[in-house]
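What follows is a set of notes on a single structure, which appears directly below.
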Amino acid sequence: MSKPQPKKSGGGVPAVVIVLVAIVAALVGLYYWNSSRADNRVSSGTPTPKPSVAGTPNYALAPPGAQPPNFLGSPNAAVTVEEFADFQCPSCGATHPVMHQIQGIFGSRIKLIFRNFPLPMHDKAYDAAVAAEAAGMQGKFWDMHNLLYTNQQTWSADPNYKAVFKGYAEKIGLDVDKWENDMAGMGPKSRISADIERGKFLNINSTPTIYINGKSVPYPDMNVPTMQSLIEAALKENQPGQPQPAQPQAANPGTAPNNSSGAGKADNAPPKK
């Protein structure tokens, strides 16, 4: 009588090992394939995205924003300080006195630009920007700008904020009917849209955002001593000789509403609160 022969194992552990080896081989192959694709991108000249840093070259390529911009100081200053801000933003409200002091310190040695960048989270910010731009069409942008910031907590909490804006328009001596018509038109809105387009290109997602000659200023540095130091360093870098003399503004009716508070006023005077 023959004894039963033991069965040879054709599966079990060896099969598991084969599967594991196949998986490892596939993963290794995928890794080298991805590496090869990355090498091909570099060799073909396709740029690899880099994180944004202060002074990113993208600043020079950004859309121009509203033209002419709302600014104080000299149009030909060697140092440009550009602020993107939201009228309803509490941090922008806190930074407003800082920017006021900075403009008073440097006057015509800098060009201080204000860009509208109303954030969606602030329900009245866009209307405030429209009110300021409409005031600018009568040469009173900075007067409305200052009232909106110094009274930010008041109108931000008022459901009848548009009536409050109208009161500001009367206070600064606007032709209120014209101001209301301008707010309803596309002029102010197109300027705001241009500023927003510029800000989005620069990847701005919070306010205030400030640049000094294209270099971003961290929020903790947005205080008078630090800002003053940064601007003085930029002036020294760009004006190794004598400081650039003040450049008087031309009395051009097409540009005056955006860089002054009214006809006949010096553009390098500090904004009045």
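The values are calculated or read from the model by the stated rules, or taken from the named source; none is laboratory data. Please read these numbers as outputs of a predicted model, since none were measured by experiment. Virtual Cβ from ideal backbone geometry, glycine too; neighbours counted across all protein chains shown.
Quick look at the values:
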| read-out | value |
| --- | --- |
| Any hit, segment 178-189, residues being under 21 Å from the mean Cα position of the chain (by Cα), over 21 Å from Ser91 (Cα atoms) and basic (Lys, Arg) | yes |
| Residue in segment 179-189 that is assigned to a helix (DSSP H, G or I), of a type in the set (Phe, Trp, Tyr), within 21 Å of Asp143 (Cα to Cα) and at pLDDT 95 or above present | yes |
| Options Pro118, Pro75; residue that is modelled with pLDDT of 95 or more, touching a helix residue (DSSP H, G or I) at 6+ places or on another chain (Cβ under 9 Å) and surrounded by fewer than 21 Cβ atoms within 10 Å (Cβ to Cβ) | Pro75 |
| Sole residue being crowded, with 21+ Cβ neighbours inside 10 Å, in contact (Cβ under 8 Å) with a residue 40 or more places away in the chain and part of a strand (DSSP E or B), chosen from Ile210, Ile196 | Ile210 |
| Helices (runs of 4 or more DSSP H) wholly inside segment 114-177 that include at least 1 residues being free of Cβ contacts under 8 Å to residues at least 40 places away in the same chain, over 19 Å from Cys92 (Cα atoms) and under 19 Å from the mean Cα position of the chain (by Cα) | none |
